[in-house]
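Working notes for the structure below.
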Amino acid sequence: KELRKRLVLEEWIVEQLGQLYGCEEEEMPDVEIDIDDLLDAANEEERALKLQETLVDCYKPTEEFIKELLTRIRGMRKLSPPQKKSI
């Protein structure tokens, strides 16, 4: 279930970035938003700062996108890498 939420969120992010940068996914600048990295941040302000730094070259206003993304990741958990089973 957590993976599904993550996938939906990542698709939303790609769609929003396309609108912000005014281009298709293939033409988009190399913008990487790491959800786990955001979840590692100490608080909302730190997360917002990370997002602002990531989107620094975007010419459209990013405040609404940042606010919405922070709302959407609230309550999400960081994905841990799959554990190897010892035999």
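Here are the numbers for the structure shown:
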quantity: Selection from the stretch 1-19 of residues that are open to solvent by 30 Å² or more (accessible area, probe 1.4 Å) and at pLDDT 90 or above; calculated: 4, 5, 7, 8, 10, 11, 12, 14, 15, 16, 19
quantity: Members of the stretch 20-30 found to be open to solvent by less than 100 Å² (accessible area, probe 1.4 Å) and either closer than 15 Å to residue 73 by Cα or in a helix (DSSP H, G or I) (or both), listed by number; calculated: 20, 21
quantity: Hits in the stretch 41-57 (condition: outside any helix (DSSP H, G or I) and open to solvent by less than 20 Å² (accessible area, probe 1.4 Å)); calculated: 41, 55
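Conditions tested, residue by residue: (1) within 15 Å of the chain's Cα centre (by Cα); (2) under 15 Å from residue 74 (Cα atoms); (3) in a helix (DSSP H, G or I).
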position	(1), (2), (3)
6	yes, yes, yes
14	yes, no, yes
18	yes, no, yes
32	yes, no, no
36	yes, yes, yes
39	yes, yes, yes
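The values are calculated or read from the model by the stated rules, or taken from the named source; none is laboratory data. Nothing here was measured: the structure is a model prediction, and the numbers come from that model. What goes into the accessible areas is simple: the full protein's heavy atoms, side chains included, and nothing from ligands, DNA or RNA. Shrake-Rupley method; radii C 1.70, N 1.55, O 1.52, S 1.80 Å.
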